[in-house]
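The values are calculated or read from the model by the stated rules, or taken from the named source; none is laboratory data. What you see is a predicted model; the values in this text were computed from it and never measured. FYI the Cβ positions are ideal-geometry reconstructions off the backbone, even for glycines, and counts take in every protein chain you see.
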Amino acid sequence: MPSPKAKNNSGRSGSVPGVSSNGRYEFMSLNRSPPPHLLQRQGSDPTSARLRASESPTRRRGSGSSNASSSSATGGQQLPEEDCMRLNPSFVGIALSSLLAIDLWLSKRLGVCACEDSSWGSIRPLMKLVEISGHGIPWLAGALYCLYKSDSAAGQEVMLNLLMALVMDLVLVGVVKAVVRRRRPSHNRMDMFATFSVDRYSFPSGHATRAAMCARFLLAHLVLAAPLRVLVLLWAALVGFSRVLLGRHNVTDVAFGFGMGYCQYNLVEMLWVSPVGLQLLLGQVG
Ligand SMILES: CC(C)=CCC/C(C)=C/COP(=O)(O)O
């Protein structure tokens, strides 16, 4: 992530980031030699040393022309090919780093209920109530209760599919969290109730996926008056927003969570289990 304290004409066009000795990214010009401390670091970097060691002599000879071109770009210093590639991050890489920087900055600023002494700390209990309203346990318990209480086949069908949708959501979010392994914001206090071990990761927000998917589910399968439909949408938005206010998530975790939850509902519709389908399924199992 580009540091605001960047040296060497940072921010100008034609600049690319490198990593300084203190671990921060710094910009340097493509047209000028990198600063000596960066050149020295690349030479002693164990990863690039390993890469160079594993390179066969044939490949090294073969990459001579690219080394020559890189030496002209670095003021006569010969850099190995892999180091040169690292000095030329793609436009997509820079755009992603910038987006992440904005995300972290914005999320930190919006985390105004992250603890009791935060600027909006007094509404933290209210935000925690919103958090509970989007938690998996009340939704699973509610769907099970309605399934048990429902006396119509249509009601049972809807509740059964909601139950399956909630379980599918937990599994999909768990898989993505385990793969991406993005840490929760540093200002988050890990005081959520009933979490799985993957919930130490923040991408995507499970509350946001559930809120988006359940909102679509309710709007599609319950006959609700217009004000109630608006309320459902407002609730989903508030659940997502409260994740950032509480400092639980970065903005991108919630935005992706909303998108994922929206798409998950399409999957629920595709995999919709009807009573006939269920009887067939149970008949095959039995
Ligand atoms: C224990 C059960 C049934 C669900 C856990 C729900 C939970 C705590 C999800 C984490 O949500 P965020 O990713 O939005 O923090």
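Here are some notes:
- A Cβ distance below 9 Å, combined with a sequence gap of six or more or placement on separate chains, defines the contacts here; from segment 134-149, residues that are β-branched (Val, Ile, Thr) reach residues that are within 12 Å of the ligand (Cβ to nearest atom) in the pairs Ile137/Phe193; Ile137/Ala194.
- Selection within segment 254-285: residues that are surrounded by fewer than 12 Cβ atoms within 10 Å (Cβ to Cβ) and β-branched (Val, Ile, Thr). The member of this set that is farthest from Arg216 (Cα to Cα) is Val285.
- Any hit, segment 198-219, residues being more than 17 Å from the chain's Cα centre (by Cα) and within 12 Å of the ligand (Cβ to nearest atom): no
- Count - residues of segment 232-246 that are within 11 Å of the ligand (Cβ to nearest atom) and among the small types (Gly, Ala, Ser): 2
Residue-wise test of (1) among the small types (Gly, Ala, Ser); (2) within 16 Å of the ligand (Cβ to nearest atom).
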| residue | (1), (2) |
| --- | --- |
| Leu100 | no, no |
| Leu104 | no, no |
| Ser107 | yes, yes |
| Ala114 | yes, yes |
| Ser118 | yes, no |
| Leu126 | no, no |
| Leu129 | no, yes |
| Ile132 | no, yes |
| Gly142 | yes, yes |
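- Filtering Arg181, Arg210, Arg216 for residues that are of a type outside the set (Ser, Thr, Tyr) and surrounded by fewer than 19 Cβ atoms within 10 Å (Cβ to Cβ) leaves a single hit, Arg181.
- Residue within segment 172-189 that is out of contact with any strand residue (DSSP E or B) (no Cβ under 9 Å at 6 or more places or on another chain), of a type in the set (D, E, K, R) and within 11 Å of the ligand (Cβ to nearest atom) present: no
- Annotation note: of Asp151, Asp103, the sole residue that is of a type in the set (D, E, K, R) and not in a helix (DSSP H, G or I) is Asp151.
- Every pair of residues 6+ apart whose Cβ atoms lie under 6 Å, when the first sits in segment 183-195 and is under 14 Å from Asn250 (Cα atoms) while the second is away from the ligand (no atom under 11 Å from the Cβ) and not in a loop (DSSP other than H, G, I, E, B): Pro185/Ser107
Conditions (1) at pLDDT below 95; (2) more than 13 Å from the ligand (Cβ to nearest atom), marked per residue:
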{"site": "Val230", "(1), (2)": "no, yes"}
{"site": "Met260", "(1), (2)": "no, no"}
{"site": "Gln264", "(1), (2)": "no, yes"}
{"site": "Leu281", "(1), (2)": "yes, yes"}
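- Selection of first residues in segment 218-234 that are assigned to a helix (DSSP H, G or I) and of second residues that are surrounded by 13 or more Cβ atoms within 10 Å (Cβ to Cβ) and small (Gly, Ala, Ser), restricted to Cβ pairs under 9 Å at least 6 apart or on distinct chains, gives the following pairs, ordered by first then second residue: Val232/Ala215; Leu233/Ala215.
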